[in-house]
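Undergrad: First, the structure itself, so that you have it in front of you.
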Amino acid sequence: MTSEAGREEEEISKVKIRSKTHVKPGKIIGRKECQLVTFDLPYLAFYYNQKLLFYKGGEFEEQVAKLKDGLRVILEEFYQLGGKLGKDEEGVFRVEYDDDMEGVEVLEAITDGLTVDQLAADESISSFKDLIPYNGVLNLTGLHRPLRSVQLTKLKDGLAMGCAFNHAILDGTSTWHFMSSWAQICRGSNSIAAPPFLERTKARTTRVKLELSFPPNPVASSNGHTDQAPQLREKFFRFSEAAIDKIKSKVNSNQPSAASKPFSTFQSLAVHIWQHVTQARCLKPEDYTVFTVFADCRKRVDPPMPDSYFGNLIQAIFTVTAAGLLLANPSDFGASVIQKAIEAHNAKAIEERNKEWEAAPKIFEFKDAGVNCLAVGSSPRFKVYNVDFGWGKPEGVRSGSNNRFDGMVYLYQGTSGGRSIDVEITLEAGAMELLEKDKEFLMQV
């Protein structure tokens, strides 16, 4: 670690929580109950989903007041985030809301000397830990703690907003729908562009009874080290618009046949990462490697659900090949493997997966992602840089330390705009050291 990185971590470690309050909807909602469905339940043993946004300028106290006022208004629509997890009389999990519940937790904090530019330049991610609440907290604890917490930290020249969302009740699409709607209200709008569609059972009606207790040793992650767990490192890589175009052009230059469908930007970047991570892991040619993507199923299910569907409507799509095949062939081979898996995941495949899971419910753990796995979450389609609360777009957006394991990748809209994409990768330390020296991966050749 450089002395500069050490200073940054030291400064971030000086984060002091000044107050903790709770914000509830601005009007009476009454008692509401909403069953969690098959798309939600597997994530109960994941950790709270964490995001960090940081902004330049503004007067901190005024910003906090505006954010709380906007939160009161937006929770009138997204009231489930102000509730708790519960179970009905048959042991089926649900989201419960009542007006006497605490609501959303809001922490106010201050840090000495840390600037927005320092956060933006930091590629290590793990040093952001103290700026985001609920590190190492399982979604199952939503039975007795808020489903959403936000930490507002005063920086030397701006504001850091650390958010924790209970992943058992919403996915990335719903997370950013909430964030953009909250920002819209804070900017002065009287209403939001798209109210949340809260009827989860329109996507699935099956009632699944689960007997869950807290694991004695929660799934290993970079936020829950065990003695046996490999040392993990996280790194933030930026791919410019020119680099993305070059990667996509290269993958599409060698298509399997004239009738082949062109590979998308996602498929092109995904195989680029998969090949270079596989190479950095120094796998044997016969070793299997799994590619997993958490795909939005709103338009894949039958009948399709609206984009505003509030909840989890994602499924993991898995595909596998041998490391030797992936590396010996041109990139269109791996891209074709990914493309076929994604296109095969239609309404019929989703239905079969749901029925299989409902017959023998299994709570996901990170080790279930697959051997030598590369797992992709989040999406550059999420307009994270449009989350403007009235003092400009964020200077940077990051994921927290929760829900990370060897091979976890988060994709974001690029800071530099256009078709650029930012990539967060978590890998075993030795593999990461090789990857960050790989000039072909970094598009420096």
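Undergrad: Distance in nm between label sites at K246 and D388, each 7 Å beyond Cα in the beta-carbon direction?
TA: Label-label distance for K246 and D388, simple model: 3.1 nm.
Undergrad: I've got another one for you. Within the stretch 344-445, list the GluC sites (Glu not before Pro) lying in a DSSP loop whose Cβ has at most 14 other Cβ atoms in a 10 Å radius.
TA: Numbers: sites: E351, E352, E356, E358, E365, E395, E424, E428, E433, E436, E440; in loops: E365, E395, E436, E440.
The qualifying sites are E440.
Undergrad: Taking only Cα atoms and a 10 Å spring cutoff, compute GNM fluctuations for the chain and point out the largest among A168, A347, A65.
TA: Checking each option, the largest mean-square fluctuation is seen for A65.
Undergrad: What size of dipole, in debye to the nearest 20, comes out for the stretch 16-203 about its Cα centre when the only charges are +1 on Lys and Arg C-beta atoms and -1 on Asp and Glu C-beta atoms? Please report the intermediate quantities before stating the final value.
TA: On the way: 23 positive and 26 negative charges, 26 e Å.
Charge dipole of the stretch 16-203: 120 debye, to the nearest 20.
Undergrad: Give me the net charge of E352's neighbourhood, meaning all other residues with Cβ under 14 Å from the Cβ of E352; Lys, Arg count +1, Asp, Glu -1.
TA: Values: positive: R204, R300, K348, R353, K355; negative: D302, E351, E356, E358.
Once all neighbours under 14 Å are counted, the net charge is +1.
Undergrad: Taking 7 Å along the Cα-to-C-beta vector as the label spot, tell me the S264-E59 distance in nanometres, rounded to one decimal.
TA: Label-label distance for S264 and E59, simple model: 4.6 nm.
Undergrad: Provide the solvent-accessible area of K32, counting protein heavy atoms only and rolling a 1.4 Å probe, rounded to the nearest 10 Å².
TA: 80
Undergrad: A further question follows. Rolling a 1.4 angstrom probe over the protein heavy atoms, how many square angstrom per residue are accessible across the stretch 232-437? Don't skip to the end; give the middle numbers.
TA: Numbers: 8610 Å² over 206 residues.
I get 42 Å² per residue for the stretch 232-437.
Undergrad: Whenever you get a sec, line up M432, M101 from highest to lowest accessible area (probe 1.4 Å, protein heavy atoms). Kindly include the intermediate steps, with their values, before the conclusion.
TA: Working: M432 0, M101 30 Å².
Ranking M432, M101 by accessible area, largest first, yields M101, M432.
Undergrad: Something else about it: Placing +1 at every Lys and Arg Cβ and -1 at every Asp and Glu Cβ, with all other atoms neutral, what dipole size does the stretch 232-437 have around its Cα centre, in debye to the nearest 20?
TA: Numbers: 25 positive and 24 negative charges, 77 e Å.
The calculation lands at about 360 debye.
Undergrad: As a test of understanding, state the convex hull volume per residue of the stretch 232-437 from its alpha carbons, in Å³. Please list the in-between numbers first.
TA: Working: hull volume 30.7 nm³, N = 206.
Once divided by residue count, the hull of the stretch 232-437 is 149 Å³.
Undergrad: Within 13 Å, Cβ to Cβ, of I425, how many net charges do the neighbouring residues add up to if Lys/Arg are +1 and Asp/Glu are -1? Could you put the intermediate results ahead of the total?
TA: On the way: positive: R233, K235, R238, R281, R398, R404; negative: E123, E234, D406, D422, E424, E428, E433, E436, D438.
So the surrounding residues net to -3.
Undergrad: What is the Cα centroid distance between the stretch 69-127 and the stretch 138-208, reported in whole angstrom?
TA: 7
Undergrad: Å³ per residue of the Cα convex hull, for the stretch 315-364? Could you put the intermediate results ahead of the total?
TA: Working: hull volume 4.2 nm³, N = 50.
Given the Cα convex hull of the stretch 315-364, per-residue volume reads 83 Å³.
Undergrad: Shifting gears a bit: Which percent of the accessible heavy-atom area of the stretch 16-203 goes to carbon and sulfur, probe 1.4 angstrom? Before the final figure, lay out each step's value.
TA: Values: 2990 of 6350 Å².
So the carbon and sulfur contribution to the accessible surface is 47 percent.
Undergrad: In whole Å, what are the extents of the stretch 24-85 along the principal axes defined by its C-alpha atoms, from largest to smallest?
TA: Reported extents, whole Å, longest axis first: 43, 30, 13.
Undergrad: How many angstrom separate the Cα center of the stretch 339-360 from the Cα center of the stretch 400-432?
TA: 26
Undergrad: Please give the length that would be gained between D112 and D69 if that part of the chain were fully extended, namely 0.36 nm times their separation in residues minus their C-alpha to C-alpha distance (nm, one decimal).
TA: On the way: separation 43, 0.36 × 43 = 15.48 nm, distance 2.67 nm.
Fully extending the segment from D112 to D69 adds 12.8 nm.
Undergrad: Between N329 and R381, what FRET efficiency follows from the Cβ-Cβ distance if R0 is 30 Å, with the result rounded to 0.05? Each step should come with its number before you reach the end.
TA: Values: r = 28 Å, r/R0 = 0.94.
Plugging the Cβ-Cβ distance into 1/(1 + (r/R0)^6) gives 0.60.
Undergrad: Charges at C-beta only: +1 for Lys and Arg, -1 for Asp and Glu. How large is the resulting dipole of the chain about its Cα centre, in Debye rounded to 20? Before the final figure, lay out the partial values.
TA: Values: 54 positive and 59 negative charges, 168 e Å.
Dipole about the Cα centre, nearest 20: 800 debye.
Undergrad: A follow-up question, please. Say we join alpha carbon atoms closer than 10 Å with springs in a Gaussian network model of the chain; which of A270, A322, A164 then has the biggest fluctuation?
TA: Sorting by GNM fluctuation, first place goes to A322.
Undergrad: Taking every pair of alpha-carbon atoms in the stretch 335-427, what share in percent sits in each 10 Å bin, from 0 to the bin with the longest distance?
TA: Binned Cα distances yield the sequence 13, 31, 35, 17, 4.
Undergrad: Between R238 and K16, what length in nm is gained on full extension when 0.36 nm per residue of separation is reduced by their alpha carbon distance? Display every interim value, and only then the final one.
TA: Working: separation 222, 0.36 × 222 = 79.92 nm, distance 3.08 nm.
Taking 0.36 nm per residue and subtracting the Cα distance, the gain is 76.8 nm.
Undergrad: Any idea what log10 I(q)/I(0) is at q = 0.11, 0.20 Å⁻¹ for the stretch 112-184, Debye with uniform C-alpha scatterers and no solvent?
TA: Computed log10 I(q)/I(0) values: -0.34, -1.00.
Undergrad: Can you list the lysines whose alpha carbon sits under 23 Å from that of K248, skipping same-chain ones fewer than 8 residues off?
TA: Once the sequence-local lysines are set aside, what remains near K248 is K235, K261, K340, K383, K437, K439.
Undergrad: Counting just the Cα atoms, what span does the chain cover along each of its three principal axes? Round to the nearest Å and put the largest first.
TA: Over the chain, Cα extents along the principal axes are 61, 54, 45 Å.
Undergrad: May I pose another question? Please give me the summed charge of the neighbours of C297: other residues whose Cβ is under 11 Å from its Cβ, Lys and Arg +1, Asp and Glu -1.
TA: Values: positive: R204, R298, K299, R300, R353; negative: D171, D296, D302, E351.
The answer is +1.
Undergrad: With N set to the number of residues, divide the alpha-carbon radius of gyration of the stretch 231-310 by 2.2 N^0.38 Å and report two decimals. Before the final figure, lay out the partial values.
TA: Details: Rg = 16.6 Å, N = 80, 2.2 N^0.38 = 11.6 Å.
Taking N as the residue count of the stretch 231-310, the ratio is 1.43.
Undergrad: How much mean residue ellipticity at 222 nm does the chain get from its helices, if each DSSP H run of length 4 or more adds -39500 (n - 2.57) and you divide by all residues, to the nearest 500 deg cm²/dmol?
TA: On the way: 10 runs with 114 residues, N = 445.
After summing the helix terms and dividing by residue count, I get -8000 deg cm²/dmol.
Undergrad: Also, quick follow-up: Provide the FRET efficiency to the nearest 0.05 for the M101-K156 pair, computing r from the beta carbons and using R0 = 35 Å. Mind showing how you got there, number by number?
TA: Details: r = 36 Å, r/R0 = 1.03.
Computed FRET efficiency for M101 and K156 comes out at 0.45.
Undergrad: Estimate the FRET efficiency between E352 and M443 by the formula 1/(1 + (r/R0)^6), using the beta-carbon distance for r and 35 Å for R0, to the nearest 0.05.
TA: On the way: r = 39 Å, r/R0 = 1.12.
Calculated transfer efficiency: 0.35.
Undergrad: Can I ask one more? Three principal axis extents, largest first, for the C-alpha atoms of the stretch 5-144, in Å?
TA: Sorted largest first, the three principal extents are 53, 33, 22 Å.
The values are calculated or read from the model by the stated rules, or taken from the named source; none is laboratory data. The shown structure was predicted, so the numbers you read here are calculated from the model rather than taken from an experiment. Note that each Cβ is placed from the backbone with ideal geometry, even for glycine, and that neighbours are counted across all protein chains shown. The area values use the complete protein model at the heavy-atom level, side chains included, leaving out ligands, DNA and RNA. Shrake-Rupley method; radii C 1.70, N 1.55, O 1.52, S 1.80 Å.
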